[in-house]
Amino acid sequence: ADAAGVIRVWKLAGNKLMPQAVLEGHTGPVYALAFNAEGRTLASGGADRAVVLWDPETGNERSVLTGHADRVLRVQFLPDESALMTVSRDGAVKRWRTVPLAKPGDTIFAPPRATFGTGFRGGSNPGP
């Protein structure tokens, strides 16, 4: 992903990388990407506070999830793919049900000093 929020998906063809899709939907930098277990859905999150679900083969936008009050720093599908977890810079953790696809879920507000898998400990690093 680049600073403008454009994501480029590549595929391996033999021993060469070939462009597969260009995903344009974010209005600012993208900080988080995650594929589901089957590789058929790509989730992205970024400075625009949106989480976008994509078809990585066609580049089609499947859904835009809104509700974070700050930039999204982490996206991760649960192993059973029943939900997508997202974490924003302000410490908000959201759970989005994915079956059926992208229904709003629960919002969990983390303790101020909690540690997330985003590479920072609350309050010690402002992040991107």
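Largest first and to the nearest Å, give the Cα extent of region 1-72 along each principal axis.
In descending order, the Cα extents are 43, 24, 17 Å.
Using the per-residue mean of other Cβ atoms lying within 10 Å as a proxy for protection, in what order, highest first, do the peptides 16-26, 66-76 fall?
Ranking, from highest mean packing down: 66-76, 16-26.
Laboratory data are not the source of any read-out in this text; all were calculated from the coordinates shown. All of these numbers come straight from a predicted model, not from anything done at the bench. Cβ sites come from the backbone with ideal geometry, for glycine too, and all protein chains shown count toward neighbours.
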